[in-house]
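See structure below.
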Amino acid sequence: PAVTLSGNVGDPGSYNLTQLENDFTPTTETVNSDTYTGVPLWTFLDPSNSDILDQYVVTAATDGYEVVLSLAELDSSLGGNPGDLLPYADTSGNFPGAGVARTILPSDTPFAHGRWESNLVTVEVNTVPEPGSLALVLSGLVALCLICRPRRLPSA
């Protein structure tokens with residue numbers, strides 16, 4: 001198993017357990033009496049586009065569960081939690097399952113960890129589509145409606 005990193009990132013590719021352990025400086029984070037060891041999520045992402053306010057992160061697990069995060073919320077210089085982690089081990093011994101890593105966001109409310117994922121398989125950083133594209137599509141639809149509407153014949 002591996003985690004595939006893609007999109008607007010410094011080092012896209014597929015990372016297995018050995019690469020996560022050796023290519024990044026490990027860090028630990030204790031959440032609810034369980035200690036996780038892994039890579040800080042921001043370090044793993046290593047965004048390549050400096051305009052982080054217009055980007056988002058999509059993470060997906062082996063069970064099809066997906067989480068969308070704002071890239072800006074992960075940046076500690078903008079108030080993000082530097083403890084957000086991509087762990088590959090924990091002290092409870094239940095990890096990893098069918099995957100190599102998971103996401104841990106310690107600032108999420110305790111026992112309401114809806115954005116935590118186990119068995120992570122993909123992490124992708126994307127740019128939000130520009131509003132101009134939406135305006136162009138909408139104007140095209142309006143033009144198409146005007147062209148296709150029934151026309152009235154002049155009265156005699």
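The values are calculated or read from the model by the stated rules, or taken from the named source; none is laboratory data. Predicted model, so just to flag it, every value in this text is computed and none were measured. Counting neighbours? That spans all protein chains shown, and the Cβs are built from the backbone with ideal geometry, glycine included. For the accessible areas, the whole protein counts, side chains as well, though only heavy atoms, and no ligand, DNA or RNA atoms are used. Shrake-Rupley method; radii C 1.70, N 1.55, O 1.52, S 1.80 Å.
Points worth noting:
- Taking all protein chains into account, the per residue accessible area for the stretch 25-84 stands at 50 Å² (1.4 Å probe).
- Pair residue 139, residue 34: separation of 7 Å Cα→Cβ label points (nm): 5.2 nm
- From most to least packed by mean Cβ count within 10 Å, the peptides 42-54, 11-23 give 42-54, 11-23.
- Gain on full extension, evaluated as 0.36 nm per residue between residue 147 and residue 115 minus their Cα-Cα distance, stands at 6.9 nm.
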